[in-house]
1. For the range 1-18, which positions are of a type outside the set (D, E, K, R), within 12 Å of I29 (Cα to Cα) and loosely packed, with under 10 Cβ neighbours inside 10 Å?
Amino acid sequence: MILDTDNNGNLQGLPKFPPNKKVETVFLIIDKPDHKTRPRRLPHKDIACRKGALMKIKEETIKELNQLPPYQLSKVYDFIQAIKKEPAQSPQNRRTSYLRAREILKKCSGSLADDIVADRDDRV
């Protein structure tokens, strides 16, 4: 199924789905990107936090939480509790994980991105 978007990027012509069901989708942009418009890039979270973006994230999150109905708010609370139980990963561990992934991927021939696109072509 191919869906189009309007000038704001909103999907047009969405199909009807059964009520109260979860639907999984995979999106693949098939048009060539317009080189005049660049995607908005965000700094890495370690850099963004240094620039005060962390406070903006907290403020935006609180604003969104204030608009949620109680049953959704309880889901967010459960999610926060689950996150707090996870052990914090130190920057050194993140770097080690990154290097390990690079080492594994170095042995792969070809383009991983091309493989992903080819795999998704089967579903389109």
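1. I2, G9
Okay, residues lined up against (1) at pLDDT below 75; (2) outside any loop (DSSP other than H, G, I, E, B); (3) touching a helix residue (DSSP H, G or I) at 6+ places or on another chain (Cβ under 7 Å); (4) over 30 Å from M1 (Cβ atoms):
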residue	(1), (2), (3), (4)
H35	yes, no, no, no
R40	yes, no, no, no
K63	no, yes, no, yes
Q72	no, yes, no, no
E103	no, yes, no, yes
D115	no, yes, no, no
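The values are calculated or read from the model by the stated rules, or taken from the named source; none is laboratory data. Note that this is a predicted model, so its numbers are computed, not measured. So basically every Cβ, Gly included, is an ideal-geometry build from the backbone, and we count neighbours across all protein chains shown.
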